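Working notes for the structure below.
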Amino acid sequence: MGVSMYDDLYDVIVIGAGAAGLTAATMLGRSMRSTLVISQPRRRNSPASSVNNVPYADGAAPADIYRKMEQDAGRYGVTLLWDEVTSVRAYEDHVVVEGGANPGLRCRRLLLATGPRRRPAGLAAGRCLGQIGLRLPLLPHVRT
Ligand SMILES: Cc1cc2nc3c(=O)[nH]c(=O)nc-3n(C[C@H](O)[C@H](O)[C@H](O)COP(=O)(O)OP(=O)(O)OC[C@H]3O[C@@H](n4cnc5c(N)ncnc54)[C@H](O)[C@@H]3O)c2cc1C
């Protein structure tokens, strides 16, 4: 996993690799934003044997869907780091994200996709750190 402390300044760090976080990360990667997803592996529906109401994936196992979503994000240059984020510190022009395995990773924008209840220290409910600008429609993009 090519993640180095303080050396890199990501455009966006996404906290949470559930359906929301991986979808956002894939869009960000397609939009040429350097994107790091930090997440613990257990998603909200991880205990379920299969999913319903998910287009093209009805009856599939959650783990299989997430594996495919992780691969799709990776195709667009998104890096995935399995870790718990324990705190977030906002500065004028960047945000430092800290976790068990990471003393500090930096980003310009932070996207919180931790699910309905969990929230790292330093982030009050509803607080937004920066804005992510995407120019739509997305240009076709394939990283080599
Ligand atoms: C048993 C069950 C079955 C379900 N079945 C279906 C279904 O069949 N069809 C359907 O449409 N919906 C279903 N749902 C609902 C669906 O699972 C949720 O709507 C969806 O998972 C929410 O996605 P999310 O990305 O917002 O959050 P999550 O899936 O919860 O993902 C959030 C991620 O963030 C991580 N995270 C949280 N805090 C931190 C932190 N501090 N540091 C690092 N990582 C962190 C979590 O570990 C997780 O990986 C089901 C839910 C449950 C509980």
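The values are calculated or read from the model by the stated rules, or taken from the named source; none is laboratory data. All of these numbers come straight from a predicted model, not from anything done at the bench. Here the Cβ is made from the backbone with ideal geometry for all residues, glycine too, and neighbour counts use every protein chain on show.
So that you can scan it fast, the table gives a plain yes or no per residue for (1) under 18 Å from residue 8 (Cβ atoms); (2) in contact with a Phe, Trp or Tyr (Cβ under 7 Å, 6 or more places away or on another chain); (3) assigned to a helix (DSSP H, G or I):
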{"residue": "36", "(1), (2), (3)": "yes, yes, no"}
{"residue": "41", "(1), (2), (3)": "no, yes, no"}
{"residue": "45", "(1), (2), (3)": "no, no, no"}
{"residue": "55", "(1), (2), (3)": "no, no, no"}
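Kindly indicate whether any position in region 14-32 is more than 15 Å from the ligand (Cβ to nearest atom) and either among the hydroxyl-bearing types (Ser, Thr, Tyr) or part of a loop (DSSP other than H, G, I, E, B) (or both).
For region 14-32, residues more than 15 Å from the ligand (Cβ to nearest atom) and either among the hydroxyl-bearing types (Ser, Thr, Tyr) or part of a loop (DSSP other than H, G, I, E, B) (or both): present.
Looking only at region 57-96, how many residues end up being under 16 Å from residue 30 (Cβ atoms), touching a residue at least 12 places away in the same chain (Cβ under 8 Å) and assigned to a helix (DSSP H, G or I)?
The qualifying residues number 5.
Which residue is surrounded by the fewest Cβ atoms within 10 Å (Cβ to Cβ), if the candidates are limited to region 53-66 and must be at pLDDT 95 or above and not acidic (Asp, Glu)?
Residue satisfying both the conditions and the ranking: 59.
Is it fair to say residue 42 is touching a Lys or Arg at 6+ places or on another chain (Cβ under 8 Å), basic (Lys, Arg) and within 25 Å of residue 110 (Cα to Cα)?
Values: touching a Lys or Arg at 6+ places or on another chain (Cβ under 8 Å): no; basic (Lys, Arg): yes; within 25 Å of residue 110 (Cα to Cα): yes.
No: the conditions fail for residue 42.
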